[in-house]
1. Can you report the number of residues in the range 30-47 which are within 12 Å of ligand 2 (Cβ to nearest atom) and either assigned to a loop (DSSP other than H, G, I, E, B) or without any contact (Cβ under 8 Å) to a residue 60 or more places away in the chain (or both)?
2. Could you list, in sequence order, the residues of the range 72-84 that are surrounded by fewer than 20 Cβ atoms within 10 Å (Cβ to Cβ) and farther than 12 Å from residue 17 by Cα?
3. Of all residues being closer than 19 Å to residue 166 by Cα and assigned to a strand (DSSP E or B) in the range 48-71, which is farthest from ligand 1 (Cβ to nearest atom)? Just the residue, please.
4. Considering only residues that are surrounded by 18 or more Cβ atoms within 10 Å (Cβ to Cβ) and within 16 Å of ligand 1 (Cβ to nearest atom), which ones fall in the range 141-168?
5. Report whether or not residue 128 is within 15 Å of ligand 1 (Cβ to nearest atom), surrounded by fewer than 17 Cβ atoms within 10 Å (Cβ to Cβ) and either free of Cβ contacts under 8 Å to residues at least 60 places away in the same chain or within 18 Å of residue 74 (Cα to Cα) (or both).
6. Regarding the range 161-170, can at least one residue be identified that is part of a strand (DSSP E or B) and closer than 19 Å to residue 58 by Cβ?
7. If you check 116, 133, which single one turns out to be more than 10 Å from ligand 1 (Cβ to nearest atom), modelled with pLDDT of 95 or more and touching a helix residue (DSSP H, G or I) at 6+ places or on another chain (Cβ under 9 Å)?
8. Quick check on my filter: what residues within the range 127-173 are touching a strand residue (DSSP E or B) at 6+ places or on another chain (Cβ under 9 Å) and more than 15 Å from residue 19 (Cβ to Cβ)?
Ligand SMILES: Nc1ncnc2c1ncn2[C@@H]1O[C@H](COP(=O)(O)OP(=O)(O)OP(=O)(O)O)[C@@H](O)[C@H]1O
Ligand SMILES: Nc1nc2c(c(=O)[nH]1)N=C(CO)CN2
C-alpha cells in the first residue's frame with residue numbers, strides 16, 4: 001500500500017478503483033505474477049486490494065503457445081490512466097528482462113481493464129480494455145472480485161459463465 005507516498009506530485013488527487021489483468025506463459029509464471037503484484041503495490045499512488053485466484057488458461061488468439069497463468073487485481077490509485085499505464089509498462093519491462101528464452105517474448109502482460117467508469121479511446125490506451133468482454137481469462141477472475149460489475153451491458157458473472165463454456169479455464173493448483 002503506497003497511496004500516501006508522494007501522491008501530491010501524482011495524478012488527480014482522487015482515488016479511483018481500477019482492475020488490472022495479469023498474464024504470463026513464460027518462465028515461472030506464478031512467481032512472476034506474484035512479483036508483478038508486489039511491484040504494482042509498491043508504485044507510488046497505487047494500492048493493490050483483492051486479487052482473484054490464479055487460473056490456468058488455454059491461449060486465446062495465437063494458439064501455438066503454452067497455457068497461461070492469469071488473474072485480475074483490484075487496485076486503488078491516485079494516478080491518472082496514463083501514469084498507471086507507464087507504471088505497468090515499467091514493471092513489464094523490468095520483469096521481461098528476466099529472459100528465459102533468448103529473444104523470447106515478454107514474461108508478463110499487465111493490462112488496465114477498467115479505470116473507474118472512465119472511457120478512454122486514444123491510439124495507445126483504450127479503457128475499458130476493448131477485448132475484455134470476449135475473454136474468459138479476464139472475465140472469470142474479474143467476476144470473482146465483482147460479480148455484479150457491468151461490462152458491455154452484461155453482468156460480469158453472466159459473461160464469465162458463458163465464456164468459460166467456450167474457452168478452457170481452470171483454477172490453478
Ligand atoms: N487498457 C490498456 N492496458 C494496457 N495497454 C494498453 C491498453 N490499451 C492500449 N494499450 C496498448 O497496448 C500495448 C500493448 O500491446 P501488446 O502488443 O502487448 O498487446 P497484447 O497485450 O499482446 O494484446 P491485447 O491488447 O489484446 O491484450 C501497449 O503498448 C499499450 O499502449
Ligand atoms: N489464455 C490467454 N490467452 C492470451 C492472453 C492471456 O493472458 N491468456 N494474452 C494475450 C495477449 O494479451 C493473448 N492470449
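1. Number of matching residues: 0.
2. Within the range 72-84, 82, 83 meet the criteria.
3. Looking at residues that are closer than 19 Å to residue 166 by Cα and assigned to a strand (DSSP E or B), I get 56.
4. Passing the criteria: 141, 142, 151, 163.
5. no
6. Initially, the range 161-170 is screened for residues part of a strand (DSSP E or B), giving 169-170.
In the following step, the residues that additionally are closer than 19 Å to residue 58 by Cβ were identified as 169-170.
Among the residues of the range 161-170, at least one is part of a strand (DSSP E or B) and closer than 19 Å to residue 58 by Cβ, which makes the answer yes.
7. None of the other options fit; the residue is 133.
8. Once the filter is applied, which keeps residues that are touching a strand residue (DSSP E or B) at 6+ places or on another chain (Cβ under 9 Å) and more than 15 Å from residue 19 (Cβ to Cβ), the range 127-173 yields 136, 162, 163, 167, 168, 169, 170, 171, 172, 173.
The values are calculated or read from the model by the stated rules, or taken from the named source; none is laboratory data. From a predicted model like this one, the values you see are computed outputs, not experimental measurements. Virtual Cβ from ideal backbone geometry, glycine too; neighbours counted across all protein chains shown.
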